[in-house]
């Protein structure tokens with residue numbers, strides 16, 4: 001893989017909602033390019049900013065003129081968090097901060113909103129006082145590869161959860177592994193899955209992991225500073241630049 005010398009700064013717009021809601025009367029516009037839009041195969045949203053990681057959808061239906069004829073199908077109350085939902089053909093995965101010491105992932109039935117499973121673990125994190133008004137809640141949006149959900153928490157641990165059951169396949173405590181401090185703002189990077197590899201900006205660096213085992217393949221761009229100046233607020237993307245497929249980071 002060729003690493004790009006280009007540095008790209010990303011701005012993430014986050015909307016925090018107390019619940020997740022689905023409605024009828026609209027068409028889901030979050031499918032990967034190769035996912036046909038049919039009732040049998042609903043469109044999906046498998047990672048931060050969608051299938052292409054650029055906030056775009058292959059097909060964008062017209063937005064209704066008003067919401068009068070929309071019917072809410074279900075509504076589920078969530079804990080606090082900045083993480084975006086992951087939607088598969090039959091499930092919706094959500095991440096939430098339960099309390100000061102606990103993080104949770106829930107799998108919901110996409111058709112009904114009913115809870116299929118819930119996995120919790122210790123994931124303590126506390127932001128600096130000047131940012132406390134914005135909450136010290138989980139920030140990273142998971143990545144889903146069709147079988148496994150990869151989730152980061154405020155303690156900068158990365159977990160691989162079996163999508164069918166919520167069972168933990170592996171857990172990587174990145175600060176402990178690389179002897180770095182837990183960042184002030186937690187795991188702010190959203191994981192990127194590419195083939196058998198998993199990329200994250202964490203532990204003041206860019207890390208490539210084996211997605212099946214969680215073992216480190218390599219670590220680059222090591223920085224001795226803090227999250228404020230190490231680029232860990234961004235998330236990696238794959239892009240083809242000048243005809244060369246590259247991993248682009250800030």
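The numbers here are math on the coordinates, done by the rules we state, and not lab data. Since this is a predicted model, take the numbers as computed values, not measurements. FYI the Cβ positions are ideal-geometry reconstructions off the backbone, even for glycines, and counts take in every protein chain you see.
Points worth noting:
- Estimated from the Cβ-Cβ distance and a Förster radius of 22 angstrom, the FRET efficiency linking residue 89 and residue 212 is about 0.45.
- Note on residue 75 and residue 171: their simple-model spin labels are 3.5 nm apart, each label 7 Å out from Cα toward Cβ.
- The peptide list 217-223, 180-186, put in order of mean Cβ contacts within 10 Å with the highest first, becomes 180-186, 217-223.
- Packing-based ranking, highest mean first, of 95-103, 59-67, 113-121 given that Cβ atoms within 10 Å are counted: 95-103, 113-121, 59-67
- Full-stretch length increase - residue 100, residue 196 - with 0.36 nm per residue and alpha-carbon distance subtracted: 31.2 nm
- FRET efficiency, 1/(1 + (r/R0)^6) with R0 45 Å, evaluated for residue 63 and residue 164 via beta carbons: 0.85
- Listed peptides 144-153, 188-197 by packing density, highest first (mean Cβ within 10 Å): 144-153, 188-197
- Ranking of 154, 238 by count of other Cβ atoms within 10 Å, fewest first: 238, 154
- Fewest-first ranking of 224, 140, using other Cβ atoms within 10 Å as the exposure measure: 224, 140
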